[in-house]
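To start, the structure under review is shown below, and the notes come after it.
The values are calculated or read from the model by the stated rules, or taken from the named source; none is laboratory data. Remember, it's a predicted structure, so these values are computed and weren't measured experimentally. Counting neighbours? That spans all protein chains shown, and the Cβs are built from the backbone with ideal geometry, glycine included. Accessible surface is based on the protein model in full, side chains and every heavy atom, while ligands, DNA and RNA are left aside. Shrake-Rupley method; radii C 1.70, N 1.55, O 1.52, S 1.80 Å.
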Amino acid sequence: MAKRAAGFLIFRRLCERIEYLMMQASYGQHHWSPPKGHVDPGEDDFTTALRETSEESGYKESDLKVFRNQSCTLEYKVKGHDKVVVYWLAELRNPSQQAQLSEEHQDMRWLECEDAIKIAGYDDFAKMIRVFDVRIKQSELGEP
């Protein structure tokens, strides 16, 4: 059975730019990704996304405009095991509010779409963020 994880692809609007929060893990290969984490037993994906985002970045649900109608599920292998990650798109309400790193991360950056893709390095992530980026720029998100 695949391990499940969930999180938010958080963006902010800053001086006509759209920037995405990317966080660098402090373990393993020090990969970069949006805040996310494993689904605990008895927990649904959305609850996990809220909990993990709060734990990893300090952002609470009230800090975000979560677009529940804008989600993407990525499926890939980690060390030979199947993994499923569900991301919802979320906008930081106050673009100057700083994230607070947990011990799980050693760095964070706000990056525009193509720079976030480069730092993440995965094709499925690239497809997801490009689709969301177009929807944001064309104001096709719907209601949060």
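When TYR87, TYR122 are compared by accessible area at a 1.4 angstrom probe, the order from most to least is TYR122, TYR87. The simple Förster model, with R0 at 41 Å and r as the Cβ-Cβ distance, assigns VAL84 and GLN138 a FRET efficiency of 0.90. With the whole protein complex present, MET108 retains an accessible surface near 40 Å², based on a 1.4 Å probe. The lysines within cross-link reach of LYS127, meaning a Cα-to-Cα straight distance under 26 Å and a gap of 8 or more places when in the same chain, are LYS3, LYS36, LYS65, LYS77, LYS79, LYS83, LYS118, LYS137. On full extension, the segment bounded by GLU104 and PHE46 gains 18.8 nm, given 0.36 nm per residue less the C-alpha separation.
If you sort the three axes of the alpha carbon gyration tensor as a ≥ b ≥ c, you get a/c under 1.5 for the chain, which makes it rounded. Distance distribution P(r), segment 1-67, all Cα-Cα pairs, bin width 5 angstrom from 0: 4, 16, 24, 25, 17, 9, 3, 1, 0 percent. Of the residues GLU75, GLU19, ranked by 1.4 Å probe accessible area with the largest first, the sequence reads GLU75, GLU19.
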